[in-house]
Amino acid sequence: MKNKLVHFLLLLIISGLAGCSAKLSDIKEAFSAQGMAFTFQLPSSWENDPKYQENYGQNAVFAAADTKSNSKMFISATRKDMMDLKDFGNKTRQQLSQTYDYKNVEDVYMKEFKLNEYPAYKYTVFTKLKEKEFWAHIYFIETQTGLVQLVYYSADDSNYENRAKIIDNSARSLVETKADEAYEETSTDQQKADVSDSVKVANDKYVFEIKGFRKIKGTNNEELLVIRFETTNNLETNILADIMKEVVKVTQNEQLLSETTLPSSETDTPLGLLETQKTQAVTKDQSAETILVYKLKKNSGEVILTFLPEQFPEQEPVILDLDLLKG
C-alpha cells in the first residue's frame, strides 16, 4: 500500500511538472505584410494554420492552433506611419470594452510595456467563439516600421494560467527582420487593402473625410463594401462618429444599398476595431474614424455616394470605382 501511495504521488508530481514544462518552439515562424518581414516563436505544441485568411479575414497574415487544446491565434500587421498612435493604448482599451461588452473599461485588463525599445500593449478579455469560451490575449506591438496585432484565443480550461505565460513569451519573441522603405502596394495588396485617395465632404456642421474603401466577404460569402472615413464635428453639441450614414445615399446601378455589419471573422481586426467606434460621441472640433459596411448588388462597377442636397447643396456625388480593387 505504501509503494502504491508513493507511486501515485510521483505520478502527480510528474503530471504537475509536465503541465509547467510548456516552452517555445525552436523554430522561428516567418510572416510578412506591406513590405515588412517578421519572425516569432510559437509555443512548442502549436502548429501553423494554412487557412488563416479563410478563418480570420483578409487582414490576417499568419495563424496557428494548439494541438493540445482548443486554443488558437492569428496575426495582422500594418505600417505604423498609416496609423494614428496618439494615446493608442487607452483608445484601444475603450474600443475593446465596447467590442466585448464590458460595462467598465477598467475591467479590460491592460498592460503597457516596451519590447525592443518600442511601445507594446497587452489586453485580456473573455469571449465566446462558436459557443466555446476563451480568454483572448490581444497584443499590439510596435516595431521599427510596423504595428503588429497578435490575438491568442486561450481555451478556458484548467491549464489557462500556464498557457497564458507561454503565450506571453511567444508574443514577446516578435522581431522585425526587414522593411522595404520604398514599399509600394502591388496589385495583390490593393485587392486586400483600401483604395485610399482621400475625399473631403463638408458643410457648416460636419466634415467627412472619406479615406478609403475595400471589398470583403460576408458571413455567407456575399460581397460587402467597407467605407472608411473620419468625422469632424463643427457643432456645439455632440454627434456620433457614424452620422454620415444619415446624410448620404449609397447606390449601385441606381439601387439603394443596405447597410450591414462586418462578419464575425473581422471582430479583432483593425476593421473590427474601427466598427466599434461607430457610436463614439464626437465633441465640438474633435474627430473620430470609423467605417460603414454595405451589401453590394454586384462585384464591379461604380458605387455612388450622394449627399443630401439640402445639407450639401454644392457637393458633387463621390464615386467609388470597384474595378480599382481588381487584382
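The values are calculated or read from the model by the stated rules, or taken from the named source; none is laboratory data. All figures in this text were calculated on a predicted structure; none of them were measured in a lab. Reconstructed Cβ throughout: ideal geometry from the backbone, glycine too, with neighbour counts over all protein chains shown. Areas reflect the complete protein model, heavy atoms only, side chains present, ligands, DNA and RNA absent. Shrake-Rupley method; radii C 1.70, N 1.55, O 1.52, S 1.80 Å.
Brief remarks follow.
- Filter pass, ALA60 being open to solvent by less than 90 Å² (accessible area, probe 1.4 Å), touching a residue at least 60 places away in the same chain (Cβ under 8 Å) and more than 22 Å from SER44 (Cα to Cα): no
- Residues (polar (S, T, N, Q), open to solvent by 40 Å² or more (accessible area, probe 1.4 Å) and either in a loop (DSSP other than H, G, I, E, B) or within 20 Å of ALA30 (Cβ to Cβ) (or both)) located in the stretch 63-107: THR67, ASN70, ASN104
Let's see how each residue does on (1) modelled with pLDDT under 90; (2) more than 22 Å from ALA77 (Cβ to Cβ):
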| position | (1), (2) |
| --- | --- |
| VAL151 | no, no |
| SER158 | no, yes |
| LYS165 | no, yes |
| ASP168 | no, no |
| VAL175 | no, no |
| GLU184 | yes, no |
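- Pair list, Cβ under 9 Å, 6 or more apart: the stretch 246-260 residue basic (Lys, Arg), other residue part of a loop (DSSP other than H, G, I, E, B): LYS249/LEU257; LYS249/LEU308
- 1 or more residues of a type outside the set (S, T, N, Q) and open to solvent by 20 Å² or more (accessible area, probe 1.4 Å): qualifying strands (runs of 3 or more DSSP E) within the stretch 115-173: 118-129, 132-142
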